[in-house]
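Worksheet for the structure shown next.
The values are calculated or read from the model by the stated rules, or taken from the named source; none is laboratory data. Everything quoted here is computed from the prediction, not taken from an experiment. Don't worry about glycine lacking a Cβ; one is built from the backbone with ideal geometry, like all the others, and counts go over all protein chains shown. In case anyone asks, the SASA skips ligands and DNA or RNA and just uses the protein heavy atoms, side chains included. Shrake-Rupley method; radii C 1.70, N 1.55, O 1.52, S 1.80 Å.
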Amino acid sequence: ARGTGSTPNTAFRTVWQSPTQTPFFPQIISPTTFNQTHKGSINFDYRFGVDDGPEFLGSKILSRFGANLLFTFGSGFNYTRWEGFGNSRIPLETLNASTTPWTYQLDARIDKSFSIGPLNMNVYLWVINVLNTQNIVGVFNTSGDAFDDGWLASPEGAQRYLGFKNQYGEEAAETYKQLYLADIYDPSFFGPPRQIRLGIKLEY
């Protein structure tokens, strides 16, 4: 996916800061922030039909039983590296030249269906992200990292950290650092953690 902008207001600042009365509109096509060059999935599904499967104690225990494995993967999304914080941003590369890491996820589900009068009941156990893979789907543009925006390594941030260390000691400075990183933590930068869902679906 390529274009002159990723959202309807992408060029707002460019137009607003145009040096003449005639607004300057972007003309160069670049990858969009939602561009994902590679994306795929592999799905394995096995099911037993009505009265199918081995017999145990006089009944077909695997009748209408099913199991499913879904493996999804994809390359990263595009973003632009820049330096500076707040409104003082200076790009370090062409627009959206960098990409976030690849992502991988394995989901599993088992279910069994029953008939109760006119109702069809499906009981399922669904595990999302079985391996609890930590997938990074977004990063700080200033660092390319999902946990640290790089401010503490900047001259201003390093001076602030050193000030805490000189005034209150190394332990206090480290506490300040951890509190800062916790404050900027953005859960939207990460894919879903492992989730286990037990449910019942009724059809009539």
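The ellipsoid that matches the Cα gyration tensor of the stretch 1-51 has semi-axes, each √(5λ) in whole angstrom, of 48, 11, 6, with the longest given first. Here are a few candidate values for percent of Cα pairs over 20 Å apart: (1) 73; (2) 59; (3) 64. Which one was actually calculated from the structure I just gave you? Derived directly from the coordinates: (1).
Once the 1.4 Å probe is applied to the protein heavy atoms, the stretch 23-108 comes out at 67 Å² accessible per residue.
With all protein chains in place and a 1.4 Å probe, the accessible surface of the stretch 53-204 carries 60 percent carbon and sulfur.
Mind pulling the angle between the C-alpha long axis of helix 170-184 and the longest principal axis of the chain? Nearest 10 degrees, somewhere in 0 to 90. It is inclined by approximately 60 degrees.
Modelled spin-label separation between SER18 and THR4, with each label point placed 7 Å from Cα along the Cα-to-Cβ direction: 1.0 nm. Each Cα pair under 8 Å and six or more residues apart adds its separation to the average, and for the stretch 1-47 the resulting relative contact order is 48 percent. Between GLU203 and TYR124, the distance separating the two model label sites (each 7 Å from Cα on the Cα→Cβ line) works out to 1.1 nm.
Non-local lysine pairs in the chain, meaning eight or more places apart or on different chains, with alpha-carbon distances under 23 Å, amount to 4. Placing a pseudo-label 7 Å from each Cα along the Cα-to-Cβ vector at PHE85 and GLU55 gives an inter-label distance of 7.3 nm. Counting only protein heavy atoms and a 1.4 Å probe, the stretch 122-193 has 60 square angstrom of accessible area per residue.
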